[in-house]
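The values are calculated or read from the model by the stated rules, or taken from the named source; none is laboratory data. Only a predicted model underlies this, so the values are computations on that prediction, with no experimental measurement involved. All Cβ positions, glycine included, derive from the backbone under ideal geometry; neighbour counts span all protein chains shown. Surface accessibility is based on the protein's heavy atoms, side chains included, excluding ligands, DNA and RNA. Shrake-Rupley method; radii C 1.70, N 1.55, O 1.52, S 1.80 Å.
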Amino acid sequence: MENSLSISDLPSHAGETVTLKGWLYHWRKGGKIWFLVLRDGSGYLQCVVSKADVPEAVWEAATGATQESTLEVTGLVKADARSPGGVELGVLDVKVLDLCHDWPITPKEHGVDFLMSQRHLWLRSSKQVAVLKVRSEVESAIHDFFHTRGYTRVDSPILTPAACEGTSSLFETQYTDDEKAYLSQSGQLYLEPAAAALGKVYCFGPTFRAEKSKTRRHLREFWMVEPEVAFLEIDGLLDLAEEFVKELTARVLDRRKEDLKRLERDAAKLEPVVSKKFPRISYRDAVEMLQKKSFPVKFGDDLGGDEETALTEGFDTPIMVTRYPASIKAFYMQPDPVDPDVALCLDMLAPEGYGEIIGGSQRIHDHDLLLSRIRQHDLPLEAFQWYLDVRKYGTFPHSGFGMGLERFVAWMCGVPHLRECIPYPRMLYRIYP
RNA sequence: UCCGCAGUAGCUCAAUGGUAGAGCAUUCGGCUGUUAACCGAAGGGUUGUAGGUUCGAGUCCUACCUGCGGAGCCA
């Protein structure tokens, strides 16, 4: 069915005459020789048009094309060291399939407001293309990671009857005439019963938080991958999270080198992630470390962005902070049997200021303890009856974590803001396009 | 929601309270190996909105609108 060549195929077609379709990305004029850069999503190709070598009509078409015009170009593939990418096209024919008028995004700088309002067009820019390729690679690596380890993917619902954690950040929608539904904030609660059915499960999909967050580290709609594993306890969970991040990073380094280069991301900064063990620090030790750096934190305080960055300073891998005070963590987290004030949980903090990429815990598996936690947190008991059933019928220790895809991709790409790591970001006060 | 910053040409930005400017983009011209090419020329403006102070406001004051950055919360 597909017969056409892509630009990325060309290095193995040197010496052949080929026809390609794509868009005019950029050009450099040189009097009687023009250099057109064609892009087709697979790569970029310098097409050399020489006035002496083509018919007048072809010269007119080539030099009359504007940025982002749709072109069909025929020419001879040549290896040439002067050309970015190693091969270039000696143009024989150019057809302008559509002449583009008033393309708004120029090669010079633009402000974020402008670019975000042109997001549907901004996607064509080389750096945005590179980020989307890294994102897709990570998504694919996530599925491979779990499938090679015997996990079953279980899709959790997006429309839910009640909150998983806190009702303040829920998106509400009308479900029937007299019933509301809420967009999912996490698939975890639905994954736990599935872990009893299938043992090792994971979900991967969009999640929604109606928080009024307006920072580079927040989106209102983001993608989260969440494994949940029967009979896995906290130490195994730490191993799983570390192995997971190592494998995804290795995959990006292995297969998306060109994209990292285009993003001017220093790949050497990611290499220790693959080779070195991630430090594991308890919350109590973290508080001490922060106090030595004269942060005014004490046991019971949550750690803010500045504290997280200070903790990761001096490390070239992520660090895992474990055993936070139970009082500041979710109701379902298992208390530490030797230190009941803390929960068996972890936050993985990425280096270079990228902050929390993973949060997870061992879950309470005792029915009565979970019941009392639901009551302590003033949660509507009837909404959690089915969740309690997991502990009522053949309970088992289990653990899981959630990783925010965009945060991971932002870190891989060295992009400072999450909004560039999802094709169409949903942010506070911005839902166009 | 709170705190801070900013709205001037299509875009990115200049302009002591005193004639509205540049680069890029666009159009035209020049250049046969360019790498955000370069050189020359032209067109392009109700300075976010509404008031106010002043002989005079892009500039100072007030309110509003829009956007950005950050906090809290989180992945």
Among A:T176, A:H120, A:L290, the residue whose Cα sits farthest towards the positive end of the charge dipole of chain A (+1 at Cβ of Lys and Arg, -1 at Cβ of Asp and Glu, taken about the Cα centre) is A:H120
Can you sort A:F299, A:F231, A:F35, A:F401 by 1.4 Å-probe accessible area, starting with the largest? A:F231, A:F299, A:F35, A:F401
Between the alpha carbon centres of the stretch A:371-433 and the stretch A:48-63 the gap in Å comes to 57
Roughly to the nearest percent, how much of the accessible area of chain A is carbon and sulfur, given a 1.4 Å probe? 52
Please state the relative contact order of chain A as a whole percent: Cα pairs under 8 Å, 6+ residues apart? 13
Please list 3J(HN,Hα) in residue order for the stretch A:118-132, calculated via the Karplus relation 6.51 cos²θ - 1.76 cosθ + 1.60 where θ = phi - 60°; whole Hz, with x for glycine and proline. 10, 3, 5, 9, 4, 3, 6, 5, 4, 6, 5, 4, 5, 4, 5
Amide H neighbours of A:E356 under 5 Å, at least 5 residues apart or on other chains, H built in the peptide plane: list them. A:A350
Low-density loop cleavage sites - GluC sites (Glu not before Pro) in the stretch A:51-127, where at most 16 other Cβ are within 10 Å (DSSP): A:E109
If you rank A:R375, A:R82 by how much accessible surface each has, with a 1.4 Å probe, what is the order from largest down? A:R82, A:R375
Select from A:T215, A:T207, A:T106 the residue whose mean-square fluctuation is largest in a Gaussian network model of chain A (Cα-Cα springs shorter than 10 Å). A:T106
In whole Å, largest first, what are the principal axis extents of the Cα atoms in the stretch A:286-359? 32, 25, 18
Pairs of alpha-carbon atoms within less than 8 angstrom and 6+ residues apart define the contacts here; what relative contact order does the stretch A:7-98 have, in percent? 33
Could you state, as a whole-number percent, how many of the C-alpha pairs of chain A are farther apart than 40 Å? 31
Check which residues have an amide H placed less than 5 Å from A:A343's amide H, if you skip close sequence neighbours. A:Y324, A:A326, A:D336
Can you pull the accessible area of A:E139 for me, 1.4 Å probe, Å² to the nearest 10? 50
Over 25 Å between Cα atoms: which of A:K51/A:K127; A:K246/A:K269; A:K108/A:K133 fall into that group? A:K51/A:K127
Under a Gaussian network model of chain A whose springs join Cα atoms within less than 10 Å, the largest fluctuation of A:A286, A:A62, A:A343 belongs to A:A62
From DSSP H assignment alone, runs of 4+ in chain A each adding -39500 (n - 2.57), the sum over residues rounded to the nearest 500 puts [θ] at 222 nm at -9000 deg cm²/dmol
Take chain A, connect every pair of alpha-carbon atoms lying under 10 Å apart with a spring to form a Gaussian network, then pick out the residue of A:Q188, A:Q334, A:Q174 with the largest mean-square fluctuation. A:Q174
Defining a contact as two alpha carbons under 8 Å apart and six or more residues distant in sequence, what relative contact order in percent does the stretch A:339-424 show? 29
